[in-house]
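What follows is a set of notes on a single structure, which appears directly below.
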Amino acid sequence: MTSHIQITFPDLKSHLSQGQGQGHTQDNVDVSKGLQLVDIRRQTAPTSLVPLILAGLRSKERELPGLLLWNDRGLSLFDAVLESPDYYLTRREWSLLCAAVHEIVSTIQSGDRLIELGAGNMKKTALILRALQSQRKSITYIACDVDCVALRRGIRYLQSLFPPTSSGGIRIQGLVATYEDCASWLQHSPSPNGNGSRTTLMWLGNSMANYTTSDAASYIRAFLSTGASLIVAVDGSKDKSEIARAYEGPANQKFVMNGLAHANELLGAQVFDARDWGFRGSWNQNTWMHESFYVAERDLVVTVRGEIFEFRKGDRVRSIRSGKWPRSKMVSVCEEAGGVVVDCWVDENESYGFYVIEERLRRCL
Ligand SMILES: C[S@@+](CC[C@H](N)C(=O)[O-])C[C@H]1O[C@@H](n2cnc3c(N)ncnc32)[C@H](O)[C@@H]1O
C-alpha cells in the first residue's frame, strides 16, 4: 500500500507563514464550508493593474494588459466563447483529452501534487481527476487562478464531484495567484508529501500561447526550475480562416471589449468610451499568433491619471494574443526554456497537442 502524509489546509498555510513565501500575504485564507483557498497574490489590490495600463499605453506598440480580460464578467463571457461553435479549440482539446487522458496523467503518482495554472471553469479538470481516481491515485489538486470568484465556484464544483474522504483520494485546494506568484510560491514550497513525491503543473486551454514564445519560454523555465514537470495543451492550427472565425466572432469580441469596461472600473472613470472603440483581429505571421486589438473609431484624446494619450482614427491598441504552435514550435520553445518534451499527444494534423515537459538537466541525471 502506498503511504503518504495527507496534506491538510494548515500545511498549505504554513508554507506561506514559515517565511518561505517571501512577500506573500499570509492571512488571506478562506476555509469557509470546507473551501481550502489561499490568496498568495503579492499585489492583491485590483488597482495594481493601473501602472500596467499606463506602461502599455506609453509603449511604442500600444497595448493594454491581458489581465484586464480576466475579471468575473470576463470569465462568464469567456465561457460563452468556449461554448460558441466557432471556437474549435474546445472540441479539439476535449476529444484529445478524452482519447488520451489515462496516458496523459500516467506519470502522476499517488502522493503527488497537481497544480492547474489558470484553472478557469475546471470542466476538463473533472475528467482528469476522474482518470486519476480510477487509477486509484491519491492526489492533492490545487487550482490556481487570478479570479477569486471563479476559483471558488470551480472548487465547489469539483468538491461536489470529489467529496473529501478520510482515505486520501483527491484533495482539492485553491490558490488565488498570478502565474508569477505561483512560480515564486513553488520555489519555496517543495512537494509537501516528501518520499519522492512530485509536483506537476498543468496549463490547459492554449493559455501558455497567450504569451510570445520568449515569454512562454521564461515561464516554462521558471516552473521547471522548481523541480516540477509540466503538462501543457497548445493549439497548433494552421487554418487561418478557422482561426479568424474563432477569435473574431461576436462572442470573442464581447469578451475582449469587456477589457475596456474593466479598465474604466479600475481607473474609476469612463476613460475608454465603448462608442469610440471597435474590435479588430489579425494574424501575425512573424509571431505565429492571432492578435486582438481595440481600434479608435475617430481621433481621440484619452486621459489616464492626468497623462494624455492621443489616438488617430484607426490606431490600434493590442489586447490579447493567441499563439498557434505545432509540435516543432513547441519543441523549440521548450529547448529555449532548458526543457524537453518527453511525451506528447497530437491530433491528426497536429492541430492540437498535449505535451509533457521536463527540465533537460534533470532528465539527464
Ligand atoms: C484561456 S482561460 C483557460 C481556462 C481553462 N484552463 C480552460 O482550459 O478552459 C485562462 C485562465 O487563466 C486565468 N489567467 C489569465 N491570466 C492569468 C495569470 N497571469 N495568472 C493566473 N491566472 C491567469 C484566467 O482567469 C482564466 O481562468
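Is there a residue in region 143-151 that is under 20 Å from the mean Cα position of the chain (by Cα), among the acidic types (D, E), in a strand (DSSP E or B) and within 11 Å of the ligand (Cβ to nearest atom)?
Residues of region 143-151 under 20 Å from the mean Cα position of the chain (by Cα): 143-151.
After this cut, where a residue has to be among the acidic types (D, E) as well, the list is 145, 147.
With in a strand (DSSP E or B) added as a condition, the list becomes 145.
Keeping just the survivors that are within 11 Å of the ligand (Cβ to nearest atom) gives 145.
Yes, region 143-151 contains at least one residue that is under 20 Å from the mean Cα position of the chain (by Cα), among the acidic types (D, E), in a strand (DSSP E or B) and within 11 Å of the ligand (Cβ to nearest atom).
Specify the residue that is farthest from the ligand (Cβ to nearest atom); the eligible residues are those in region 112-142 that are touching a Lys or Arg at 6+ places or on another chain (Cβ under 8 Å) and not polar (S, T, N, Q).
D112
Could you name every one of the helices (runs of 4 or more DSSP H) located completely within region 156-248 that has at least 3 residues being over 22 Å from N71 (Cα atoms) and away from the ligand (no atom under 16 Å from the Cβ)? Can you show your working first?
On the way: elements: 179-187, 213-224, 240-248.
Qualifying helices (runs of 4 or more DSSP H): 213-224, 240-248.
Residue under question is S322, and the condition is that it be modelled with pLDDT under 95 and within 30 Å of L96 (Cβ to Cβ); does it hold? Break it down into steps so the answer makes sense when it comes.
On the way: modelled with pLDDT under 95: no; within 30 Å of L96 (Cβ to Cβ): yes.
No.
Limited to region 327-365, what total is found for residues that are part of a loop (DSSP other than H, G, I, E, B) and at pLDDT below 95? Spell out the reasoning first.
Looking only at region 327-365, we keep the residues that are part of a loop (DSSP other than H, G, I, E, B), and these are 337-338, 347-351, 365.
Subsequent filtering for residues that are at pLDDT below 95 retains 347-351, 365.
Going through region 327-365 one residue at a time, the tally reaches 6.
When both residues are 6+ apart or on different chains and their Cβ atoms are under 9 Å apart, which pairs have a first residue that lies in region 38-53 and is within 15 Å of R305 (Cβ to Cβ), and a second that is at pLDDT below 90 and of a type in the set (S, T, N, Q)?
L49/Q43
Among T90, T107, which is among the polar types (S, T, N, Q), assigned to a helix (DSSP H, G or I) and more than 19 Å from G34 (Cα to Cα)?
Numbers: T107 fails: assigned to a helix (DSSP H, G or I).
Going through T90, T107 in turn, just one is among the polar types (S, T, N, Q), assigned to a helix (DSSP H, G or I) and more than 19 Å from G34 (Cα to Cα): T90.
Which residue out of V302, V331 is touching a strand residue (DSSP E or B) at 6+ places or on another chain (Cβ under 6 Å), of a type in the set (V, I, T) and farther than 30 Å from S95 by Cβ? Please lay out each step first, then the result.
On the way: V331 fails: farther than 30 Å from S95 by Cβ.
That would be V302, the only listed residue that is touching a strand residue (DSSP E or B) at 6+ places or on another chain (Cβ under 6 Å), of a type in the set (V, I, T) and farther than 30 Å from S95 by Cβ.
Quick check on region 86-101. Is at least one of its residues under 27 Å from C344 (Cβ atoms), away from the ligand (no atom under 13 Å from the Cβ), surrounded by 15 or more Cβ atoms within 10 Å (Cβ to Cβ) and among the hydrophobic types (A, V, I, L, M, F, W, C)? Spell out the reasoning first.
The initial filter retains those residues of region 86-101 that are under 27 Å from C344 (Cβ atoms), namely 86-101.
Cutting the leftovers down to away from the ligand (no atom under 13 Å from the Cβ) gives us 86, 88, 95, 98-101.
Next, from what is left, pick out any that are surrounded by 15 or more Cβ atoms within 10 Å (Cβ to Cβ): 86, 88, 100-101.
Right, trim to among the hydrophobic types (A, V, I, L, M, F, W, C) and you get 100-101.
Yes, region 86-101 contains at least one residue that is under 27 Å from C344 (Cβ atoms), away from the ligand (no atom under 13 Å from the Cβ), surrounded by 15 or more Cβ atoms within 10 Å (Cβ to Cβ) and among the hydrophobic types (A, V, I, L, M, F, W, C).
The values are calculated or read from the model by the stated rules, or taken from the named source; none is laboratory data. These numbers come from a predicted model, not from an experiment. Ideal geometry is used to build each Cβ from the backbone, glycine not excepted, and the neighbour counts take in all protein chains shown.
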